[in-house]
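The values are calculated or read from the model by the stated rules, or taken from the named source; none is laboratory data. Note that this is a predicted model, so its numbers are computed, not measured. Neighbour counts are summed over all protein chains in view; Cβ atoms, including those assigned to glycine, are modelled from backbone coordinates with ideal geometry. Quick note on the areas: whole protein, heavy atoms, side chains included, nothing else; ligands and nucleic acids left out. Shrake-Rupley method; radii C 1.70, N 1.55, O 1.52, S 1.80 Å.
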Amino acid sequence: MRPIFALLTAAATTALAMPAMAAAPPAVHGYGSLAISGQGDKIASVETGGGKGTITIRAVRGGKVLRSFDPCRSACSLSGLTFAPDGTLAWLARDRTAGTVTLAVDRNGTARTVATIKGIAQTPRFAPDGKRLALLVTIGAAKESGAAQAGVRQVGEIGEKSDEQRLAIFDVDGAPVAADAVKPVSPADRYIYEYDWTPDGKGFVVTSALGNGDNNWWVATLDAVDATTGAVRTIAKPTTQLNFPRVSPDGTTVAYIGGLMSDFGSVGGDVWTVPFAGGAPRNVTPDARLTVTSLEWTDRLIRGTALRGDRAGLFTVSGDRSDGLGWSRPASLAAGDAKAAWSADGQTVATVSQDFTHAPAIFAGPVTAPVQVTHDNDTIPATMTARSISWKNEGFTAQGWLLAPLDADPAKKAPMITIVHGGPSAANTPYFGGGYSDLLDAGYYIFLPNPRGSFGQGEAFTAANKRDFGGGDLRDILTGIDAVEKVAPIDDARLGLTGGSYGGFMSMWANTQTNRFKAIVAGAGLSNWVSYYGTNGIDQWMLPFFGKTLYQDRKAYEDVSAVNFMTRAKTPTFIYVGERDIEVPPTQSIEYWHGLKDQGVPTSLVIYPEEGHGIRAPANAADVRKRSLAWFDRYLKVGL
């Protein structure tokens, strides 16, 4: 299950972003789709502010703006920035009204259209010689890419047709390709998730699966695709989920991130390698106490980003040895479709960094010591204080974040809201403001735990909640609250709990396991794993966690279903969900709401029309924030 709270505000930018408790702070200058030239001298990003977006090219050294332009005059959305070896810049411009995406390039200040796609498109990449561009296209898409998006209505004969995301190749200097002339090279029956060119430009390494792309990522294979014929050859069938396939410069080896990932939008694991010719994958970071979150193969070294505890940073793998985490910050990192962008020789890096109290800024420079090169947001004040909290429980060391109002009185007891992230394979990481201003302004402390099952402590920690949903991870959360209460003036009699997706499950489940919380808000939660198995659109995600299907091991699913313990539920709960959510169908919320009503527990359920696994429409997101705050105030500020 994808971390739903990443998608609840219009300003959310990544899968692990902020929850929907408040809108993003105003006047923040954004840097999206960050890319770096192969020579490591220029960076490009889609910069936003004042209601419009522009492509801005800067010098790596000092961040001086070299050029800024808006290729679609604010009439479209820009993404997919990528440099060719000669410095040519490509991008995607999406016109939602027309239902098209334009692939364009700029060479020496002259822009031209390469192709127009009717549908959706993403991840343009230049061939090694810079003369061709590859692109993932979904022609005539019935929905947005990804299971978190609003699903197609289940009417007529269902399950017989799925969107197909395929690879297409375009000549950079050829005549513009019209929408009706786009001819993908990869087979029509295969959904391509990620890809990388082979060094000779004759093909690709991809992660792909047959059939339904939303559901089958968990059984995806590592494959080679011929750039001329589209022929597919399987390289490996990993036992883990996989992401970020990258080919070595000599073309002999493929690296990828493999691990227990609960959605392809939530990436984390170890670094694995396998011969391009095929063979058994090998884990080259088996004992790492960190989670690799993005990957690139530059020169002779595998480089990437990783999360270790409360720090995100850069790492390098050379041969059979990892240097661990290098430059790092207690922050989140972002760049293009990864967390960092690297020069061709791997010596220069660029990334967008932000934390709870510092707005986004581009850091760039040598991999050992990138420095801040943009300062557009330096004067924006913090809206809270933040500190990292670590605690031990049952042999594990967990970590989380404690946020407090700026004017918090250390001598006065205050209520606290615990927010459980989605996933469960994910992590709460810092984002400026965090989206929590409504709660903080109302005087609430906020606790963001990363219990077992989360990223940041290595694969063993991430896998520690397999067949134990709501067990050890809930005990970690409760122990974490104890740790917070030792360092902050938290009123244990006024604790609230919320979360979305897996966090929604935990919110529903905790109500049947403890009476410690006095108010709960559950977003797109799971209340009955038995009925969920048969009604959701991504049932493959459960097999790595449960080990068997529902029909092979029904008891394992029954044992963690909140509806089987409803007589224990006493805490008032507000529930919300999207009408067209295929990851966690609204019937899960209806079952739970019905159970609470039967028990006489105060409850409210709102199903938002047209929404998927995340409340995206600004009016709906504002309504969620308003209702959530009112619910917590009603039960946590009684008598105040």
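State the Cα centre-to-centre distance between the range 531-594 and the range 35-98 in whole Å.
Cα centres, the range 531-594 to the range 35-98: 42 Å.
By the gyration tensor of its Cα atoms, with a ≥ b ≥ c the square roots of the eigenvalues, what is the shape of the range 213-269: rounded for a/c under 1.5, prolate for a/b over b/c, or oblate?
Taking the square roots of the gyration eigenvalues as a ≥ b ≥ c, the range 213-269 is oblate.
Provide the packing ranking of 117-124, 336-343, i.e. peptides ordered by the mean count of other C-beta atoms within 10 Å per residue, highest first.
On the way: 117-124: 21.5, 336-343: 23.9.
Highest to lowest by the protection proxy: 336-343, 117-124.
For the chain, give me the percentage of DSSP beta bridges that are antiparallel, rounded to the nearest 5 percent.
85 percent
Once phi is turned into θ = phi - 60°, what whole-Hz ³J(HN,Hα) does the Karplus curve with 6.51, -1.76 and 1.60 give for every residue of the range 417-422, x standing for Gly and Pro?
Couplings: 10, 8, 10, 8, 6, x Hz.
In terms of modelled amide H atoms, which long-range or inter-chain residues lie less than 5 Å from the amide H of residue 194?
The answer is 207.
Kirkwood hydrodynamic radius, the range 456-613, all distinct C-alpha pairs: what's the number in Å?
16.2 Å
Which shape class applies to the range 151-306: rounded if a/c is under 1.5, otherwise prolate when a/b exceeds b/c and oblate if not, where a ≥ b ≥ c are the square roots of the Cα gyration tensor eigenvalues?
Numbers: a/c = 1.99, a/b = 1.23, b/c = 1.62.
In terms of gyration-tensor shape, oblate.
If eta is 0.692 mPa s and T is 37 °C, what Stokes-Einstein diffusion coefficient results for the range 426-516, Kirkwood Rh from Cα pairs, in µm²/s?
Diffusion coefficient, whole number: 229 µm²/s.
Can you compute the radius of gyration and Dmax for the chain, using only the Cα atoms, both in Å?
23.7, 72
Would you compute, for the Cα atoms of the range 553-622, the largest minus smallest coordinate along each principal axis and list the three values in descending order, in whole Å?
Principal extents (Cα only, largest first): 37, 32, 13 Å.
With contacts defined as alpha carbon pairs under 8 Å and 6 or more residues apart, what's the relative contact order of the chain in percent?
Once divided by the residue count of the chain, the mean separation gives 13 percent.
Amide H to amide H, which residues 5 or more places from residue 608 or on other chains are under 5 Å from it, using H placed in the peptide plane?
Placed amide hydrogens put 577, 578, 579 under 5 Å from residue 608.
For the range 348-500, I need the span (max minus min coordinate) of the C-alpha atoms along each principal axis, in Å, sorted largest to smallest.
Principal extents (Cα only, largest first): 44, 39, 25 Å.
Counting each DSSP H run of 4 or more residues in the chain as -39500 (n - 2.57), what helix-only mean residue ellipticity at 222 nm follows after dividing by all residues, to the nearest 500 deg cm²/dmol?
Values: 9 runs with 84 residues, N = 640.
Dividing the helical sum by the residues of the chain leaves -4000 deg cm²/dmol.
At 1.4 Å probe radius, can you tell me the per residue accessible area of the chain in Å²?
37 Å²
How about residue 183: which lysines have a C-alpha closer than 25 Å to its C-alpha, ignoring those fewer than 8 places off in the same chain?
118, 131, 143, 161, 202
With a 1.4 Å probe and all protein chains left in place, how much of the accessible area of the chain comes from carbon and sulfur atoms, in whole percent? Before the final figure, lay out each step's value.
On the way: 12260 of 23970 Å².
Result for the chain: 51 percent of the exposed heavy-atom area is carbon or sulfur.
Take each of the peptides 292-300, 248-256, average the number of other beta-carbon atoms within 10 Å over its residues, and list them starting from the highest.
For the peptides 292-300, 248-256, the packing ranking is 292-300, 248-256.
Take the Cβ-Cβ distance between residue 252 and residue 559 as r, set R0 to 45 Å, and report the resulting FRET efficiency rounded to the nearest 0.05.
0.45
What lysines could a cross-link reach from residue 637, if we take a straight Cα to Cα line under 17 Å and drop same-chain neighbours fewer than 8 places away?
Cα-Cα hits under 17 Å: 412, 413, 518, 626.
Ranked from highest to lowest mean number of other Cβ atoms within 10 Å per residue, what is the order of the peptides 278-290, 369-381, 435-447?
Answer by packing, highest mean first, reads 435-447, 278-290, 369-381.
Under a 5 Å amide H to amide H cut-off, with H placed in plane at 1.01 Å, what residues pair with residue 466 once short-range neighbours are removed?
Amide H to amide H, under 5 Å and 5 or more residues apart or across chains, residue 466 pairs with nothing.
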